[in-house]
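*Asks:* Just passing along the structure, written as structure tokens.
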Amino acid sequence: MKQRFGLLPDGREVFQYTLQNGAMSCDILTWGAAARALRVPDKDGKILDVLLGFDTIEAYLKQTCYLGAVVGRFANRIGDAAFELDGVRYPLATNDGKNHLHGGLIGFDRQIWNVDAVCENAITLSLTSPDGQEGYPGTLLVRVTYTLEGGALRIDYRAETDKPTVCNLTNHSYFNLDGHDSGDILRQHIQIHADAFTPTDAGSIPTGELAPVDGTPMDLRDLTPIGKDIDADFAQLQMAGGYDHNYVLRGSGLREAAVAKAACSGITMRVETTQPGIQFYSGNYLDGCPDGKGGAPYKKRYGFCLETQVFPDAPNKPDFPTARLNPGEVYEQTTIYRFSAEG
């Protein structure tokens with residue numbers, strides 16, 4: 001189902017498409033290719049919307065938390081807002097202190113995407129990022145497909161370039177498995193299949209080290225309440241105001257990366273990805289967001305993100321998995337959010 005969601009200040013229209021598959025449904029906006037709502041059954045069969053989102057385009061324009069959007073050309077941070085490729089230095093927009101975050105001032109989250117194909121349970125959106133946009137080299141053609149299938153939301157990413165560039169795409173949805181309007185997520189549980197993470201400096205730029213999680217509050221290898229150690233006297237958590245870190249996932253190919261559970265709703269979410277890393281963000285800076293859907297307040301730690309990705313600052317860290325994309329190559333990544341509920 002298609003409906004007009006709102007008008008931008010310049011008069012351009014933003015549309016919402018609703019996907020349906022059984023009891024599950026999802027709203028996708030052409031603004032930022034954003035997932036605005038995701039409705040899944042809880043343990044009693046009640047349908048809960050587990051994504052934070054807004055009711056108006058004005059709220060999306062005002063917010064700075066990237067709710068539900070596809071972010072790029074490079075998701076996460078690039079240190080000192082620059083990188084070098086084949087001996088050429090490319091300065092980027094500084095929009096996170098002295099660093100570059102989620103594609104810059106007008107990243108993919110702040111553009112209207114084209115709708116290439118749509119059916120009852122799937123939609124493909126595309127965007128052309130011209131050579132030099134936000135400082136990046138090469139014209140990049142991006143396609144993102146959302147599909148509802150078998151109790152899961154699947155996101156397939158595809159990109160091609162006409163010049164060597166960097167590409168790292170993710171979805172920045174905030175989840176609350178007790179419902180988007182249910183308050184904080186501190187009692188919900190998280191598990192991440194990672195033995196190491198990438199520590200950062202005070203500006204959240206990785207140092208280049210792969211640090212073991214063993215013996216630290218970063219150890220989420222077993223299901224752990226999100227709030228258990230979030231305010232621990234541990235430098236990495238103190239600097240970030242909670243969890244906002246990239247985890248080094250085990251294995252390769254499409255495999256399970258993380259599990260989240262909410263006892264109240266009984267909803268479990270399993271995250272599968274082809275990517276080497278996942279950023280666990282505990283919504284530490286949601287304060288100041290406009291009110292959400294139905295007037296729900298969105299405050300600090302009212303939602304969490306599990307952003308599948310190449311490691312932050314990869315263009316400046318030769319030992320990290322590469323984000324380079326060359327002409328003739330195809331960037332292809334898949335992430336699946338799989339839901340179930342138990343009494």
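Just so you know, all these numbers are worked out from the coordinates, no wet-lab data involved. This one's a predicted model, so the numbers in the text were calculated from it and none came from an experiment. All Cβ positions, even for glycine, are placed from backbone atoms using ideal geometry, and neighbour counts span all protein chains on display.
*Asks:* Based only on Cα atoms, what mean projected area does the convex hull of the stretch 46-149 have, in nm²?
*Replies:* 8.7
*Asks:* Once label points are set 7 Å from the Cα along Cα→Cβ at both residue 287 and residue 61, what is their separation, rounded to one decimal in nm?
*Replies:* Reported label-point gap for residue 287 and residue 61 is 2.8 nm.
*Asks:* While we're here: Grab the alpha carbons of the chain, take their convex hull, and tell me the volume per residue in Å³.
*Replies:* It is 125 Å³ per residue.
*Asks:* Return the distance in nm (one decimal) between the two label points of a simple spin-label model at residue 299 and residue 47, each offset 7 Å from Cα along Cα→Cβ.
*Replies:* Between residue 299 and residue 47, the simple spin-label model gives 3.0 nm.
*Asks:* Given Cβ point charges of +1 (Lys, Arg) and -1 (Asp, Glu) and nothing else, what value in debye, to the nearest 20, does the dipole of the chain about its Cα centre take?
*Replies:* That gives a dipole near 520 debye.
*Asks:* If I stretch the segment between residue 162 and residue 115 completely, what's the gain in nm (0.36 nm per residue apart, minus their alpha carbon distance), one decimal?
*Replies:* My answer for the length gained is 14.7 nm.
*Asks:* Still on this structure, I have one more. Work from the charge dipole of the chain (Cβ charges, +1 for Lys and Arg, -1 for Asp and Glu, about the Cα centre) and give the residue of 196, 33, 164 farthest towards its positive end.
*Replies:* Value: 33.
*Asks:* A follow-up question, please. Using a Förster distance of 30 Å, how high is the FRET efficiency between residue 106 and residue 232, based on the Cβ-Cβ distance and rounded to 0.05?
*Replies:* Using R0 = 30 Å, I get an efficiency of 0.20.
*Asks:* Work out, step by step, the length gained on full extension between residue 187 and residue 221: first 0.36 nm times the residue separation, then minus their alpha carbon distance; give nm to one decimal.
*Replies:* Full-extension gain reported as 10.6 nm.
*Asks:* Residue 243's amide H: which non-local residues (gap 5+, or another chain) put their own amide H closer than 5 Å, with H modeled 1.01 Å from N in plane and none for Pro or chain starts?
*Replies:* Counting only residues 5 or more places away or on other chains, the set is 282.
*Asks:* Turning to a different aspect of this structure: Please give, to one decimal in nm, the separation of the simple spin-label points placed at residue 264 and residue 214, each 7 Å out from Cα toward the Cβ.
*Replies:* 3.7
*Asks:* Starting from the Cα-Cα distance between residue 88 and residue 141, subtract it from 0.36 nm times their residue separation and give me the gain in nm to one decimal.
*Replies:* 16.9 nm
*Asks:* Taking the Cα centre of the stretch 24-81 as origin, sum charge times position over the Cβ atoms of Lys and Arg (+1) and Asp and Glu (-1), and report the length of that vector in debye to the nearest 20.
*Replies:* Computed charge dipole of the stretch 24-81: roughly 140 debye.
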